[in-house]
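Data block below; observations after.
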Amino acid sequence: MEGAIYPVGNYKRTVKRIDDGHRLCNDLMSCIQERSKIEKAYAQQLTEWSKRWRQLVDKGPQYGTIERAWMAMMTEAEKVSELHQGVKNNLMMQDFEKVKNWQKDSYHKQMMGGFKETKEADEGFKKAQKPWAKKLKELEGSKKSYHMACKEEKLAFTREANSQAEASVTADQQRKLQEKLGKCKQDSQKAKEKYERSLDELSQCTPQYRENMEQVFDQCQQFEEKRLSFLREVLLDVKRHLNLTENQSYAAVYSELEHTITSASAQEDLKWFCDTSGPGMHMNWPQFEEYNPDLTHHITKKEKSKKVNDSITLTHVTTTDHPQAGDTGSISSYEKNQAYTASTEWSDEDQTAPCSANDVNGGTNNPFDEGVRVKALYDYEGQEQDELSFRAGDELTKLEDEDEQGWCKGRLDNGQLGLYPANYVEPV
């Protein structure tokens, strides 16, 4: 009975539920907003992690298909970061706004405070309860009067009975006690009849009272049903936005990652390393070479690079005046011929004239001034004197495209010329 709406004032809990509904909308919006912040932070952390480790792996010693598989993890993080950023956007732009707009449309604030819906429910219950509450008050009064009359009757009966056993009580006193008992019985009977009439009147108006109260209660239930159904709908939307396993793009990310990782081959990477840095790498073993004063015999790539390097770095000009174009200065005929032969055999496409003294000393016609800038991917230590040494991240100039053995000719920024593995660099 205490939890029912029928006792006077017990409808207050039902009315309060309307105010609670408005507060719960605020709580749900705060909940969604906090989750969106978590999604945003996670997306940012994935992006930062991916950027950092992509650089570390790119500059590190790992190579081949395992490197690609490792890099695929960073690609996965970048794509998942985008998806979680999308989750954050959906939570705020769709779910949060949906609750906010529904709350605004469902709860109307009054000038004097409170909500219109709360006031209407409270007034509806009061109106339905007022007539019945009046009858109930009368019944409570009649009940109290009847119980007091019964108490007086019982007290009078006790006194009259005790007087008969006492010799000191006179006949006149005995008569008065009997009259008092008779009067109490009459009062008690009248109070009982009034009490019964009040109860009958209350019982007669109770059905109408219950109907009116239940009508107002049903209106409150309908309003609450709309709120509960709406919140259920919103929570399903939130679940759909959070559950990336139902997103085809999310599944595609991991299908691609799995394919890249399973495609990695240790044997393929070992073979690549063997071919580029192991026994499988091309080696120009020393061979007997007949002396040829004209240097017309075949010169290997490394020999050509070494001779050109020697012709540039070991040949000196001793004249104080800059020679004119075509003037060899004090360069011997052998040195001149050696530089010329190396430069002409450097590239089939290079048709420059024989080097003059001006060319050797950095003139505008130096063929090494041209080339493509490249950046080293890995550290490399030259194994022979005609090979360049550099560190990962260093830049140098590529002077000629890769040959059939996988070597390129290039120049460091300090002017050193030599050969290097073509697959150790990439264009800037």
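The values are calculated or read from the model by the stated rules, or taken from the named source; none is laboratory data. As the structure is a prediction and not an experimental result, all values here were calculated from the model. Note that we place each Cβ from the backbone using ideal geometry, even for glycine, and neighbour counts take in every protein chain shown. Ligands, DNA and RNA are stripped out before the accessible areas are found, and what is left, the full protein with its side chains, is counted by its heavy atoms. Shrake-Rupley method; radii C 1.70, N 1.55, O 1.52, S 1.80 Å.
Starting from residues that are without any contact (Cβ under 8 Å) to a residue 40 or more places away in the chain and polar (S, T, N, Q), keep the ones in segment 134-164 and report whichever is most open to solvent (accessible area, probe 1.4 Å). My answer is 164.
Those residues that are among the charged types (D, E, K, R) and within 23 Å of residue 229 (Cβ to Cβ), I need them from segment 110-124; list them, please.
At the first step, the residues of segment 110-124 found to be among the charged types (D, E, K, R) are 116-117, 119-120, 122-123.
Residues satisfying the conditions are 116, 117, 120.
Residue by residue, here is whether (1) basic (Lys, Arg); (2) under 12 Å from the mean Cα position of the chain (by Cα) holds:
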residue: 7; (1), (2): no, no
residue: 17; (1), (2): yes, no
residue: 20; (1), (2): no, no
residue: 32; (1), (2): no, no
residue: 37; (1), (2): yes, yes
residue: 49; (1), (2): no, no
residue: 57; (1), (2): no, no
residue: 75; (1), (2): no, no
residue: 78; (1), (2): no, yes
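Residue 188 - would you say it is small (Gly, Ala, Ser), in a helix (DSSP H, G or I), open to solvent by less than 50 Å² (accessible area, probe 1.4 Å) and in contact (Cβ under 8 Å) with a residue 60 or more places away in the chain? Considered against the rule, which asks whether it is small (Gly, Ala, Ser), in a helix (DSSP H, G or I), open to solvent by less than 50 Å² (accessible area, probe 1.4 Å) and in contact (Cβ under 8 Å) with a residue 60 or more places away in the chain, residue 188 comes out as no. Against the criterion of being over 25 Å from residue 86 (Cβ atoms), of a type outside the set (Gly, Ala, Ser) and part of a helix (DSSP H, G or I), residue 262 qualifies.
Is there any pair with a first residue in segment 213-230 that is under 15 Å from residue 13 (Cα atoms) and a second that is among the basic types (Lys, Arg) whose Cβ atoms are under 8 Å apart and which are 6 or more apart or on different chains, and what are they? Final answer for the pair search is 220/17; 224/17. Close Cβ contacts (under 9 Å, 6 or more residues apart or on different chains) running from residues in segment 245-270 that are at negative phi to residues that are in a loop (DSSP other than H, G, I, E, B) and open to solvent by less than 80 Å² (accessible area, probe 1.4 Å) comprise 269/63; 270/278.
Within segment 165-174, the residues that satisfy the criterion of being part of a helix (DSSP H, G or I) and surrounded by fewer than 11 Cβ atoms within 10 Å (Cβ to Cβ) are 165, 171, 172.
Could you pull out the residue among 386, 401, 379 that is surrounded by 16 or more Cβ atoms within 10 Å (Cβ to Cβ) and of a type in the set (Asp, Glu)? So that I can check it myself, show each step before the final result.
Numbers: 401 fails: surrounded by 16 or more Cβ atoms within 10 Å (Cβ to Cβ); 379 fails: surrounded by 16 or more Cβ atoms within 10 Å (Cβ to Cβ).
It is 386.
Scan segment 80-90 and give yes if some residue there is without any contact (Cβ under 8 Å) to a residue 24 or more places away in the chain and under 21 Å from residue 215 (Cβ atoms), otherwise no. No, the conditions are met nowhere in segment 80-90. Which residue, of 38, 32, is modelled with pLDDT of 95 or more, touching a Leu at 6+ places or on another chain (Cβ under 6 Å) and hydrophobic (A, V, I, L, M, F, W, C)? Unique residue meeting the criteria: 32.
For the structure I just gave you, tell me whether residue 223 is part of a helix (DSSP H, G or I), of a type in the set (A, V, I, L, M, F, W, C) and open to solvent by 90 Å² or more (accessible area, probe 1.4 Å). Judged against the criteria, residue 223 is not a match. The single condition among (1) surrounded by 12 or more Cβ atoms within 10 Å (Cβ to Cβ); (2) in a loop (DSSP other than H, G, I, E, B) that residue 131 does not meet is (2). Pairs are defined by a Cβ separation below 8 Å, a sequence spacing of at least 6 or placement on different chains, a first member in segment 369-381 that is in contact (Cβ under 8 Å) with a residue 24 or more places away in the chain and of a type in the set (Lys, Arg), and a second member that is open to solvent by less than 70 Å² (accessible area, probe 1.4 Å) and part of a loop (DSSP other than H, G, I, E, B); the pairs so defined are 375/393; 375/394.
Residue 62 satisfies every condition listed in (1) open to solvent by 70 Å² or more (accessible area, probe 1.4 Å); (2) among the polar types (S, T, N, Q); (3) in a loop (DSSP other than H, G, I, E, B) except (1).
Taking the conditions exactly as written (surrounded by 15 or more Cβ atoms within 10 Å (Cβ to Cβ), more than 30 Å from residue 152 (Cβ to Cβ), touching a residue at least 60 places away in the same chain (Cβ under 8 Å) and touching a Gly at 6+ places or on another chain (Cβ under 9 Å)), does residue 273 satisfy them or not? Working first, answer last.
Numbers: surrounded by 15 or more Cβ atoms within 10 Å (Cβ to Cβ): no; more than 30 Å from residue 152 (Cβ to Cβ): yes; touching a residue at least 60 places away in the same chain (Cβ under 8 Å): yes; touching a Gly at 6+ places or on another chain (Cβ under 9 Å): yes.
For residue 273, the condition - surrounded by 15 or more Cβ atoms within 10 Å (Cβ to Cβ), more than 30 Å from residue 152 (Cβ to Cβ), touching a residue at least 60 places away in the same chain (Cβ under 8 Å) and touching a Gly at 6+ places or on another chain (Cβ under 9 Å) - is not met.
Candidates are the residues of segment 353-376 that are among the aliphatic types (A, V, I, L, M) and modelled with pLDDT under 50; the one that is least open to solvent (accessible area, probe 1.4 Å) is 357.
Would it be correct to say that residue 38 is open to solvent by less than 40 Å² (accessible area, probe 1.4 Å) and either of a type in the set (A, V, I, L, M) or within 25 Å of residue 250 (Cβ to Cβ) (or both)? So residue 38 does not fit the description; no.
Any residue in segment 288-299 that is within 56 Å of the chain's Cα centre (by Cα), open to solvent by 50 Å² or more (accessible area, probe 1.4 Å), at pLDDT 50 or above and farther than 24 Å from residue 417 by Cα? Scanning segment 288-299 turns up no residue that is within 56 Å of the chain's Cα centre (by Cα), open to solvent by 50 Å² or more (accessible area, probe 1.4 Å), at pLDDT 50 or above and farther than 24 Å from residue 417 by Cα. For first residues located in segment 36-62 and without any contact (Cβ under 8 Å) to a residue 12 or more places away in the chain, partners that are open to solvent by 80 Å² or more (accessible area, probe 1.4 Å) and lie 6+ apart or on another chain with Cβ distances below 7 Å form the pairs 62/70. Would it be correct to say that residue 14 is β-branched (Val, Ile, Thr), open to solvent by 50 Å² or more (accessible area, probe 1.4 Å) and closer than 30 Å to residue 100 by Cβ? When the stated conditions are applied, residue 14 does not pass them.
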